Structure formats: C-alpha cells, structure tokens
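Novice: Submitted below is the structure of interest, expressed as structure tokens.
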Amino acid sequence: MRNQDNDRADVTAEQPRPERRGPATAEPIRTCVLSREEAPRAGLIRLALAPDGSVHPDVRAKAPGRGGWIGVDRATLEAAIAKGRLRGGLARAFRTGEFTLPDDLPQRIEDQLRRAALDRLGLEAKAGHLLTGSDKIAEAARAGRLHLLLHAADAGDDGSRKLAQAWRVGSDREGSDLKGMTLPVQRTILSLALGRENVVHAGLIDARAAKRVSDALVRWLRFIGPDSAPMPCETGSQGASAFNDDARGPAGTNEGFEVTG
C-alpha cells in the first residue's frame with residue numbers, strides 16, 4: 001500500500017548523491033587518491049576500472065563504472081606505482097583490490113593527454129578560431145585580437161620573438177614578459193593535428209577557444225612535468241617561468257599560462 005511515508009522514502013532513495021563543487025568554478029570537486037588534495041574534476045585525471053578488472057586512463061572522464069582521480073605529474077605517479085601507493089589509493093576508490101595495473105599506465109596517460117590537447121587544437125582550427133602563418137598571427141596580435149600564442153618545438157627563436165613582441169604591443173603590455181608557449185611537439189605533428197601544412201606558429205583569436213585550449217594544454221604539460229617540457233622561444237631563464245611553471249601549477253588551475261582576455 002502506498003502512503004505518504006512510502007512515497008517520501010522512494011523519492012529519497014532515488015535522488016543522486018550531490019556533487020561537491022568548488023566555490024569559484026562551480027565544477028565538481030574530486031580528491032586525488034595519492035596526494036588526498038581536492039581540486040576541480042577538470043584539472044585531474046580519471047583512472048577507470050573496466051569490467052575485466054583492468055585499469056585504463058580516462059582523461060575525458062566518460063567511461064562508465066568506478067573511477068579514481070590523480071593530480072600528480074608523471075614522475076610522482078611512477079614513484080607511487082613502484083611503492084604500491086597507487087594500488088592502495090585505487091583500492092579505496094574502486095572499493096576492491098581485484099584489479100590489474102598496466103605496466104605502461106604512465107605512458108598511456110601521457111598519450112591520451114597529448115591526443116586530447118591536439119584534438120582540441122584541431123577542433124578550434126575547424127571552427128575558425130585559430131590562425132597559422134606568421135603574417136596573419138602578427139596582424140591579429142597588433143590589432144589586439146590574439147588571445148593565445150603557440151609555437152612548435154622546432155620553431156625559430158627569431159620568428160617567435162617577433163610574434164611575441166607584436167602580441168605585447170597589441171595588448172598594451174610592452175615591457176612585460178608576455179610571450180608564446182612552445183609545445184613539446186615538432187611542426188610535423190602540429191601540422192597533422194591542425195590539418196594544415198608546415199604549421200610552426202598558431203594563434204587563438206577567440207577568448208573562449210583560447211581558454212579551452214589552455215585547459216587541455218595545462219593538464220598535459222603538468223603531467224609530463226617541467227623536465228619534459230621544452231624551453232620556450234625566449235631565453236632559458238625566461239623559459240623556466242613562462243612554460244615549466246604550468247607543469248608545476250596546482251591541479252585545476254592555469255597558473256602561469258598566459259591567455260589574454
């Protein structure tokens with residue numbers, strides 16, 4: 001027999017568990033299984049437990065089933081795997097110890113993050129939010145339309161410096177350290193990702209697109225760590241603060257990543 005109490009009990013049982021959300025971003029909050037630090041989900045990396053008991057990286061956070069979250073770089077993860085700390089953390093998250101960790105888990109994570117970042121660049125290029133070619137980028141930069149400047153790992157220093165200077169002039173930041181970011185991929189890979197030929201430099205001319213790209217890049221670069229990221233197009237001392245700080249920034253933030261609004 002249905003009565004008021006039964007109806008209330010049924011509704012309560014079916015309601016999902018509320019998400020913990022960060023005050024500023026209103027994004028779901030998750031806890032790293034290794035550091036136990038909390039951060040917005042978008043800044044962490046999800047590890048998913050497959051039905052066969054294997055663990056797979058799920059950087060897009062779309063795989064079904066239980067998952068555990070990590071917010072550390074590759075070197076820290078590899079040390080945690082060697083000491084058994086990752087297995088312990090995931091056992092708590094999965095609520096079971098019956099799972100297998102692949103030997104190449106760190107590399108799989110890096111590959112997925114790299115693909116996600118390059119895919120995002122490709123999508124923004126198709127949407128018309130991205131420019132290639134030094135002349136087009138410089139023109140947009142001087143007109144104040146550039147929001148993010150990127151370079152291939154094998155870009156020449158002189159060309160990169162000229163584009164950075166144009167960006168500083170166009171954004172009224174002459175004398176600042178605003179400059180482009182050097183990606184840890186050669187121009188051949190960047191060209192393939194964008195579906196264009198000989199892409200050495202790229203510029204985002206839409207603010208929201210620049211934010212989406214920077215979010216994907218920050219997760220990738222933070223995971224591979226400062227020792228894996230190449231120096232930017234400026235001097236070595238400038239590079240340490242311009243690009244490698246991104247890999248060390250707190251999970252879920254874009255600290256140090258220059259995106260102009």
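Novice: Specify the residue that is modelled with the highest pLDDT; the eligible residues are those in the stretch 64-105 that are within 26 Å of ARG212 (Cα to Cα) and more than 18 Å from the chain's Cα centre (by Cα).
Specialist: GLY67
Novice: Yes or no: GLY122 surrounded by 15 or more Cβ atoms within 10 Å (Cβ to Cβ), free of Cβ contacts under 8 Å to residues at least 40 places away in the same chain and outside any loop (DSSP other than H, G, I, E, B)? Working first, answer last.
Specialist: Working: surrounded by 15 or more Cβ atoms within 10 Å (Cβ to Cβ): yes; free of Cβ contacts under 8 Å to residues at least 40 places away in the same chain: no; outside any loop (DSSP other than H, G, I, E, B): yes.
Criteria not met by GLY122.
Novice: Let me confirm something: among GLY195, GLY256, GLY261, GLY225, which residue is at pLDDT 50 or above and outside the structural domain of LEU130 (by TED's automatic domain parsing)?
Specialist: GLY261
Novice: Still on this structure, please answer the following. Could you please find all residues in the stretch 135-158 being in contact with a helix residue (DSSP H, G or I) (Cβ under 6 Å, 6 or more places away or on another chain) and either under 17 Å from ARG187 (Cα atoms) or in a helix (DSSP H, G or I) (or both)?
Specialist: If the condition is that a residue be in contact with a helix residue (DSSP H, G or I) (Cβ under 6 Å, 6 or more places away or on another chain) and either under 17 Å from ARG187 (Cα atoms) or in a helix (DSSP H, G or I) (or both), then ILE137, ALA138, ALA141, ARG142, LEU149, HIS151, ALA152, ASP154 are the ones that fit.
Novice: Follow-up. Does any residue of the stretch 95-102 turn out to be outside any loop (DSSP other than H, G, I, E, B) and crowded, with 22+ Cβ neighbours inside 10 Å? Let's see the steps before the verdict.
Specialist: First, pick out the residues of the stretch 95-102 that are outside any loop (DSSP other than H, G, I, E, B): 100.
Within this subset, residues satisfying the condition of being crowded, with 22+ Cβ neighbours inside 10 Å are none.
Within the stretch 95-102, not a single residue is outside any loop (DSSP other than H, G, I, E, B) and crowded, with 22+ Cβ neighbours inside 10 Å.
Novice: Within the stretch 53-73, is even one residue surrounded by fewer than 16 Cβ atoms within 10 Å (Cβ to Cβ) and in a helix (DSSP H, G or I)?
Specialist: No, that holds for no residue.
Novice: Name the one entry in VAL200, VAL169 that is more than 30 Å from GLU78 (Cα to Cα), surrounded by fewer than 18 Cβ atoms within 10 Å (Cβ to Cβ), at pLDDT 95 or above and not assigned by TED's automatic domain parsing to the domain that holds LEU44. Full working, then the answer.
Specialist: On the way: VAL200 fails: surrounded by fewer than 18 Cβ atoms within 10 Å (Cβ to Cβ).
Step by step, each of VAL200, VAL169 is checked, and only VAL169 is more than 30 Å from GLU78 (Cα to Cα), surrounded by fewer than 18 Cβ atoms within 10 Å (Cβ to Cβ), at pLDDT 95 or above and not assigned by TED's automatic domain parsing to the domain that holds LEU44.
The values are calculated or read from the model by the stated rules, or taken from the named source; none is laboratory data. Everything numeric here is computed off the predicted structure, so don't read it as measured data. All Cβ positions, even for glycine, are placed from backbone atoms using ideal geometry, and neighbour counts span all protein chains on display.
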